[in-house]
Amino acid sequence: MKVLIFEYITANGEASESLQREGQMMLKALLSDFAQLPDIEVVVADKTEFQNQLKTVDAAWIIAPEFDGILEHFCRVVEDENKQLLTSPAKVIALTANKLTTFQILYTAKIPTVPTEIFNSAFDYNPTKEWIIKPIDGVGAENTFLLTSEKDWSTLPSLEKNYLIQPHIHGEKTSLSCLFKNGEARLLCVNLQIFEIENQQYVLKNIEVNYKQDDGHYQKLISQIAKAFPDLFGYVGVDLIETEDACFVLEINPRLTTSFVGIENALGLNVAELVLAL
């Protein structure tokens with residue numbers, strides 16, 4: 001079997017320094033996983049060679065950010081070439097990349113999530129409450145703004161594209177590394193995301209992979225997500241905010257996440273092998 005691995009950021013994609021670093025880490029870890037598998041030939045392509053290399057392989061694994069439709073686009077190209085896609089299909093990426101659509105689907109499925117609506121700069125939001133403003137298709141904490149005072153509102157830059165606004169919920173920021181297929185899900189591990197706030201923005205500083213064991217409620221949660229998004233496939237990350245009495249789904253990432261990098265060391269699991277087995 002011949003597999004094409006395409007990591008958009010390191011393949012000449014333009015992105016921030018933090019996204020470039022995370023992209024390099026994920027690519028290196030995925031190549032390490034595949035290197036342990038017999039009878040698998042792996043090729044890595046840059047953007048200019050992607051289309052030509054795709055024609056020569058049996059399957060492709062795309063690592064790319066959701067913003068501006070990038071991940072959806074490259075997955076659709078793989079599908080159009082009738083090659084096996086080792087990630088979620090383009091149609092479900094279109095849903096989960098849009099954080100408003102994700103909220104609406106989760107809300108309809110009665111899955112606890114953070115209230116989300118389109119940000120309207122002309123609306124007079126209550127400045128005594130804390131808010132988060134983020135791109136509708138953002139990745140990680142890129143271009144998010146934390147507003148905790150009237151002063152913060154006065155320094156908010158002009159926002160040109162669609163942004164969302166959510167109440168800022170204080171709580172532990174965890175993520176779930178999972179496998180999905182045909183409306184079912186398997187939890188791999190629970191991770192702790194450690195952020196610091198710099199210039200009104202959350203900045204990811206560290207991730208503790210396999211942070212704690214599941215007492216059953218995380219598996220129950222991702223099983224609900226799998227039914228709400230039955231087309232999710234392969235490795236998926238789910239971001240949560242946990243308070244003392246509630247657990248809210250914040251985002252669904254239909255791709256490798258930074259937590260993936262630490263799974264082999266933490267759990268002894270080869271994620272590439274597990275996905276191929278699906």
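So if we plug the beta-carbon distance of ARG186 and ASN82 into 1/(1 + (r/R0)^6) with R0 = 22 Å, what FRET efficiency do we get, rounded to 0.05? Display every interim value, and only then the final one.
On the way: r = 28 Å, r/R0 = 1.25.
That gives a FRET efficiency of 0.20.
With a sphere of radius 14 Å drawn around the Cβ of THR128, what net charge do the other residues whose Cβ falls strictly inside it have (Lys, Arg +1; Asp, Glu -1)? Each step should come with its number before you reach the end.
Numbers: positive: LYS129, LYS151; negative: ASP124, GLU130, GLU150, ASP152.
So the environment of THR128 carries a net charge of -2.
If I take R0 = 25 Å and measure r between the Cβ atoms of LEU100 and SER16 in this structure, what FRET efficiency does the formula 1/(1 + (r/R0)^6) give, to the nearest 0.05?
Details: r = 23 Å, r/R0 = 0.93.
After rounding to 0.05, the efficiency reads 0.60.
Using a simple spin-label model with points 7 Å from Cα along the Cα→Cβ vector, what separation in nm is obtained for LYS110 and ILE169?
In this crude label model, LYS110 to ILE169 measures out at 1.8 nm.
List the longest stretch of the chain that has no exposed loop site; here a site is one of the GluC sites (Glu not before Pro) assigned by DSSP to anything other than H, G, I, E or B, with at most 10 other Cβ within 10 Å.
15-159
To the nearest 0.05, how large is the calculated FRET efficiency for ASN52 and LYS220 if R₀ is 51 Å and r is the Cβ-Cβ distance?
0.70
Taking the structure as given and computing Rg/Rh (Cα atoms, Kirkwood Rh), which label from (i) 0.96; (ii) 1.03; (iii) 0.93 fits?
(i)
FYI, it's all coordinate maths here, none of it is from the lab. Because the structure is a prediction, the values reported are computed rather than measured. Here the Cβ is made from the backbone with ideal geometry for all residues, glycine too, and neighbour counts use every protein chain on show.
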